[in-house]
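To start, the structure itself, in structure tokens.
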């Protein structure tokens, strides 16, 4: 859509510059040339055969809208039809451009509550993270939602590992240490496997140290978009924990 908008602007300028009064006959090549450009634009914006392509095929590309008769169409009717075609094409492409601009604005403005909520609802959040943080996030308590999500992750690691005498970073390092793991993410068959194990351990430790602890010890206001990304990250970690196997 962002690439289509300047292309639409160029063709709209071409349409605006087209002067029907300069046409001496209906077969003037400038008519076909401009319609050919508009057809190329339609193909570039909407794939041929798509619903949108079929919907706009006439209104977005047809400059010559005058009727036909067996005795020949008077030139003045042709000129009037060209003016009508210009207006129709301009209106159609302007409407398409406006729709694209609105859609891009919604995608780029995740700070609005409705857009954030739609994005959150589109995530497949881990059930335990959803249970702990879902209502808080929907009520815009973003920092507390992050804290509760990490707490749920911590509890999940305890449950899956059976290690209940440790918490936070110490828990993650005890459970996922590549040397003596309680839970492992792979077969630990070679250095690559051990690097992956260590990397996931550090990600889990980082979630506790970087996301939970600062918010648990001081008042913080989280940006909605960043909070959404943090929740998605914590959910991913929970899914990795679910997939890990006992050593």
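The values are calculated or read from the model by the stated rules, or taken from the named source; none is laboratory data. This structure is a prediction, so every number in the text was calculated from the model and none was measured. For neighbour counting, all protein chains shown are included, and Cβ atoms are generated from backbone atoms with ideal geometry for every residue, glycine included.
What the table below lists for this structure:
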| read-out | value |
| --- | --- |
| Helices (runs of 4 or more DSSP H) enclosed by region 166-247 - at least 3 residues per element that are touching a residue at least 12 places away in the same chain (Cβ under 8 Å), under 16 Å from residue 144 (Cα atoms) and touching a helix residue (DSSP H, G or I) at 6+ places or on another chain (Cβ under 9 Å) | 213-217, 224-243 |
| Yes/no for residue 226 being in contact with a strand residue (DSSP E or B) (Cβ under 7 Å, 6 or more places away or on another chain), exposed (fewer than 15 other Cβ atoms within 10 Å of the Cβ) and farther than 16 Å from residue 132 by Cβ | no |
| Helices (runs of 4 or more DSSP H) fully within region 36-130 counting 1 or more residues that are closer than 15 Å to residue 15 by Cβ, touching a residue at least 12 places away in the same chain (Cβ under 8 Å) and assigned by TED's automatic domain parsing to the domain that holds residue 22 | 51-56, 75-108 |
| Unmet requirement for residue 25, which otherwise passes all of (1) surrounded by 13 or more Cβ atoms within 10 Å (Cβ to Cβ); (2) modelled with pLDDT of 90 or more | (1) |
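Yes/no per residue for (1) surrounded by 14 or more Cβ atoms within 10 Å (Cβ to Cβ); (2) more than 27 Å from residue 133 (Cβ to Cβ); (3) more than 33 Å from the chain's Cα centre (by Cα); (4) at pLDDT below 95:
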| position | (1), (2), (3), (4) |
| --- | --- |
| 152 | yes, no, no, no |
| 171 | yes, no, yes, no |
| 174 | yes, no, yes, no |
| 190 | no, yes, yes, no |
